[in-house]
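Please read the structure below before turning to the comments.
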Amino acid sequence: MINTKEIIYLKGERNYTHCFLKDGSKIMLCKTLKDVLYSFAEQGFFRIHKGYGINLNYVKYIDKNCVIMDDGAHIPISRKISKKWLKAFFSST
């Protein structure tokens, strides 16, 4: 099992999810992003876009249409999710 504290963000591609880790490595899971986020919900993960989930503990800052993660990744924020995302982020900090 993966230590969720090591995961910065998730990227879904069909029936697979790529986990981007603190050490710069990447792990691929044979599960949909929806399933992975459901499993990780209690660990501070949030679906910010159709294809992305982020670990709220690794958000560096919020730009206009994206979130910049600690590793420098720019993750887009869905317009549909933006209000829900901001509420979740600020309640977790």
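The values are calculated or read from the model by the stated rules, or taken from the named source; none is laboratory data. None of the values given here were measured: they were computed from a predicted structure. Neighbour counts run over all protein chains shown; Cβ positions are idealised from the backbone, glycine included. Ligands, DNA and RNA are stripped out before the accessible areas are found, and what is left, the full protein with its side chains, is counted by its heavy atoms. Shrake-Rupley method; radii C 1.70, N 1.55, O 1.52, S 1.80 Å.
Brief remarks follow.
- One residue stands out among those in segment 74-83 that are open to solvent by 20 Å² or more (accessible area, probe 1.4 Å) and under 20 Å from GLY12 (Cα atoms): the one that is modelled with the highest pLDDT, which is HIS74.
- Meets criteria (surrounded by 11 or more Cβ atoms within 10 Å (Cβ to Cβ) and either under 11 Å from the mean Cα position of the chain (by Cα) or more than 25 Å from LYS80 (Cβ to Cβ) (or both)) for GLU13: no
- Only a single criterion out of (1) at pLDDT 95 or above; (2) touching a Phe, Trp or Tyr at 6+ places or on another chain (Cβ under 6 Å); (3) among the hydroxyl-bearing types (Ser, Thr, Tyr) is not satisfied by TYR52, namely (2).
- The number of residues in segment 1-58 being among the aromatic types (Phe, Trp, Tyr) and either more than 18 Å from HIS74 (Cα to Cα) or free of Cβ contacts under 8 Å to residues at least 40 places away in the same chain (or both) comes to 3.
- Just one residue in the set ASP63, ASP70 is over 11 Å from ILE7 (Cβ atoms), modelled with pLDDT of 90 or more and among the acidic types (Asp, Glu); that residue is ASP70.
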